Each structure stands twice: as structure tokens, then as C-alpha cells.
Amino acid sequence: MQYFLPIAMLVVANIFMTFAWYGHLKLQQLGIIKDNTPLYVVILLSWLMALAEYSLQVPANRLGFEGNGGVFTLAQLKIIQEVITLVVFVVYSMISFGLEIHWNHIAAFFCLVMAVVFVFWK
């Protein structure tokens with residue numbers, strides 16, 4: 001549970017973050033947000049979604065950090081979060097925007113996985 005809970009919270013937090021950062025683009029494509037919608041409205045909507053992200057991200061880092069009784073170093077938490085962010089972004093982009101995966105995407109993901117391996121290496 002010490003490993004699972006912080007990672008699960010980071011995954012959910014990053015789903016909210018991805019929607020906060022890129023969801024408005026899809027909503028604009030769908031016509032839900034009009035092209036003439038003031039930018040401050042879009043920013044406020046994104047901030048509301050980001051609040052949900054921060055409400056999970058901060059506790060996940062506190063729970064997971066070894067200085068608070070967790071099992072991860074600060075560097076490990078950051079690398080885990082970055083990999084989760086990119087995985088969530090790729091899945092979201094594939095579903096919402098039809099992103100096609102090419103060899104260079106796979107190579108980049110392999111490099112990220114290796115970053116996780118190296119940061120956990122004793």
C-alpha cells in the first residue's frame with residue numbers, strides 16, 4: 001500500500017492536469033467552448049480543474065516521500081510523476097485527438113522507463 005497509494009493518487013492527479021491543460025482544446029473542437037470565449041474564462045475553468053489535481057498531487061508527494069514515512073526519494077517521486085504525466089498525455093492524445101504512435105514515441109518512452117530504472121538503481 002505504501003507504493004500503490006501515492007502512485008494511484010499521482011495517476012488521478014495527472015488525469016485532472018491533462019484535462020486542465022489540454023481539455024479546453026478538445027472542448028473548442030467540439031464547439032462546447034466557442035472560439036470567441038474570453039481567455040480568462042478558459043483559464044478560470046482550467047484553474048478549477050487544476051485545483052482537483054493539486055488536491056491529489058500534494059498529498060501523494062507527502063505520503064510517498066521517505067522523509068514523511070513513505071518509500072520514495074524526492075528524485076524517485078519526480079521521475080514517477082513525469083512518466084505518469086507522459087503516459088496519461090499520450091493516452092489522452094490518442095483518444096481525443098487521434099495521435100498516432102510512431103517509432104520515435106516508443107523510443108522516447110523507452111528512455112523514460114530507463115530513467116525510472118536509473119533513479120531506482122542503488
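Okay, here's what the table says:
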quantity	calculated
Residue satisfying all of: in region 1-13; open to solvent by 90 Å² or more (accessible area, probe 1.4 Å) and either farther than 21 Å from VAL58 by Cα or not polar (S, T, N, Q) (or both); farthest from the chain's Cα centre (by Cα) among these	MET1
All positions within region 1-22 that are aromatic (Phe, Trp, Tyr) and part of a helix (DSSP H, G or I)	PHE4, PHE16, PHE19, TRP21, TYR22
Any hit, region 50-65, residues being among the aliphatic types (A, V, I, L, M), in a helix (DSSP H, G or I), in contact (Cβ under 8 Å) with a residue 12 or more places away in the chain and farther than 30 Å from TRP121 by Cβ	yes
Residue ID - nearest to the chain's Cα centre (by Cα), chosen from residues in region 14-47 that are open to solvent by 30 Å² or more (accessible area, probe 1.4 Å) and closer than 30 Å to GLN76 by Cβ	ILE15
Top-ranked residue of region 78-122 - restricted to ones that are in contact with a helix residue (DSSP H, G or I) (Cβ under 6 Å, 6 or more places away or on another chain), β-branched (Val, Ile, Thr) and touching a residue at least 60 places away in the same chain (Cβ under 8 Å), ranked as surrounded by the most Cβ atoms within 10 Å (Cβ to Cβ)	VAL88
Matching option when the condition is of a type in the set (Lys, Arg), over 30 Å from LEU30 (Cα atoms), at pLDDT below 95 and within 17 Å of the chain's Cα centre (by Cα), among LYS122, LYS78	LYS78
Cβ pairs under 9 Å, 6+ apart, first in region 1-27 and over 19 Å from TYR54 (Cα atoms), second open to solvent by 60 Å² or more (accessible area, probe 1.4 Å)	GLN2/LEU63; LEU25/PHE97; LYS26/PHE19; LYS26/ILE32; LYS26/PHE97; LEU27/LEU45
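The values are calculated or read from the model by the stated rules, or taken from the named source; none is laboratory data. Bear in mind the structure is a predicted one, so any value in this text is a computation, not a measurement. We place every Cβ from the backbone using ideal geometry, glycine too, and count neighbours over all the protein chains shown. The accessibility values were calculated without ligands, DNA or RNA, using every heavy atom of the protein model including side chains. Shrake-Rupley method; radii C 1.70, N 1.55, O 1.52, S 1.80 Å.
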